[in-house]
Amino acid sequence: MTALTLLFDVLIPVLKIAAVILYPMVMVIVMIWMERRVVAFIQGRLGPNRVGFQGILQPIADATKLFFKEDIIPRQADKFLFNLSPVLVMASSLLAFSFIPLGQPFEIKGYTIELWIAQSPVGLLLVLGLSSIGVFGIIFGGWASNSKYPLMGALRSVVQILSYEIPLGMTALTVVFFSRSMDLVAIVNHQKDARVWFGFLLPVSFLVFWISGIAETNRAPFDLPEAESELVAGYHTEYSGMKFAFFYIAEYAHMVLVSSLVVILFFGGWLPPFPNSRALAFLSVVPGFVWYLIKIMFFLYLYIWIRGTLPRYRFDALIKLVWKWLVPLALLNFVIVALAWYLL
Amino acid sequence: MKSVQEIFQKVFLLDILQGLLVTLKHYFSRKVTVQYPEEVKEPTARFRGLLRLYRDGKGEPLCIACKACQRICPTNCFDIEGARPEGSKILRPTRYDWKLDRCSFCGLCVEVCPTDAIRFSREFRMSLVAKEHLLFHLPDMYVEGEDLQEFICGGCRP
């Protein structure tokens, strides 16, 4: 019995922590491969298909290369901040994953195993806050490089992320209105009780959240901080080897995080479509984690699809979009949802 | 009326959806990539590959060692010596050196050849491992097709 308690009290949490570190990494690997293949397919090419089955091991080959690259620190750089910023970026996006519920809790021999590390009554705030700490990593990295392009890229990135965080938070609040909780698990459970995903109730919120989410992660068409035709590579121009890989992985992990948030807030997390409806009860046979994975893959694919389709915004157009369109729209949406909540 | 349509388009992001559909169509389109070492794209009929000496239908060499190619060559690629074999009325090359590293593939030698002995082959895979391999001697000048590729590849030449 004590062995069993030991297993459930010590080993399971350790395994869960390992899984939560590994899970974004695996998603990043899949994502890097998928991005290169899908963009290639859209452009009529084949993309990497040599390393492993259909090139699935390509990101691992890339990472191996980056491991063996020389680690260069520019002489003029601020060494402490230069080394600190990839850690900050990486840690902030990995840490946020501990609050993401991956599936329904299940029971083994009287013990409930929850598929998340931490459940907090302010989980949503924590996740948004942690992803904002990454901004410090970006601005430190850009400034510490002591080079003009990284600094410009970092400034652009910070302006963009700070601006887009406003509609992001505002639309997340409309979901909180419905669920009456900032706990991510409670939000998912509430969608089960409500019999419908919030995305269908709040299409405007979802749209604004998704657009802001793309801008938050500095992805095309909002990838101005990394506009290689203007800024070489943005805030990580001076980085090489594993430090560069940290920025790269953190960016993709952030994409996975935003997709997870969209799925949890608007598309019912691990729930099958139309939970509680009798006719579709057979969908519950599929484990929750699989549903979650399917949904998240769809949004990750959408990221790439949008990248392969839309051209990059001009910087003034980007700022105009958020302050003149998304923020008023998010405010209006917020007021309407609040009114609807109190009147109905 | 037009403005209503414009507003409709803007509100429902129709342009963006249309764009996404276009890329989706391309996603399933036929890919144009040629997977090089496994698939080789056939060069066009008039492709200027390696210069080769050719034989006639009976297997007799066409070259009569007239040195017209040597004279016209702007980059002096050729070193040719000819001799009359015993009992024959026709001059044959005893030495026919062609330097690939000097050749500019201008095609003047092909144009000037009176017997159409020297022609462009369609062989374009010319990667070689040593500088000496860029010099082609007489018997090898008759090699063509797949044999030529095998002959060139991987420094297998003596």
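Throughout, read-outs are computed from the coordinates displayed, never taken from laboratory work. All values reported here derive from a predicted model rather than from experimental measurement. Cβ atoms come from the backbone with ideal geometry, glycine included; neighbour counts cover every protein chain shown.
Side notes on the structure shown:
- Of the trypsin sites (Lys or Arg not before Pro) found in the stretch B:51-91, those that fall in a DSSP loop while having at most 10 other beta-carbon atoms within 10 Å are B:Lys58, B:Lys89.
- Ranking of A:Ile214, A:Ile17 by neighbouring Cβ atoms within 10 Å, starting from the fewest: A:Ile17, A:Ile214.
- For the stretch A:245-344, the square roots a ≥ b ≥ c of the C-alpha gyration tensor eigenvalues yield an a/c of 1.5 or more together with a/b not exceeding b/c, which makes the shape oblate.
- Long pairs among A:Lys295/A:Lys320; A:Lys324/B:Lys10; B:Lys99/B:Lys131, criterion Cα-Cα beyond 20 Å: A:Lys295/A:Lys320
- For chain B, the gyration tensor built on C-alpha atoms gives a prolate shape. Its axis ratio a/c (a ≥ b ≥ c) is at least 1.5, and a/b is the larger of a/b and b/c.
- DSSP-loop chymotrypsin sites (Phe, Trp or Tyr not before Pro) across the stretch A:17-108, with at most 13 other Cβ within 10 angstrom: A:Phe68
- For the stretch A:260-266, 3J(HN,Hα) computed residue by residue from phi via the Karplus equation (6.51, -1.76, 1.60; θ = phi - 60°) reads 4, 4, 4, 5, 5, 6, 10 Hz, glycine and proline entered as x.
- Residues of the stretch B:46-72 with amide N under 20 Å of a point placed 7 Å along Cα→Cβ from B:Met126: B:46-54, B:69-72
- Low-density loop cleavage sites - GluC sites (Glu not before Pro) in the stretch B:71-158, where at most 11 other Cβ are within 10 Å (DSSP): B:Glu86
- Ordering B:124-131, A:261-268 by mean Cβ neighbour count within 10 Å, with the highest value first, yields A:261-268, B:124-131.
- Rounded to 10°, Cα long-axis angle of helix A:327-343 versus longest principal axis of chain A: 10
- The value of relative contact order for chain A, using C-alpha pairs under 8 Å at least six residues apart, is 23 percent.
- Rounded if a/c under 1.5, otherwise prolate or oblate - the protein assembly as shown, Cα gyration tensor axes: prolate
- Counting only residues at least eight positions apart within a chain, or on another chain, the lysines with an alpha carbon under 20 Å from that of A:Lys65 are A:Lys243.
- Taking amide H positions as modeled 1.01 Å from N, with prolines and chain starts lacking one, the residues under 5 Å from A:Asp223 and 5 or more places away or on another chain are A:Tyr313.
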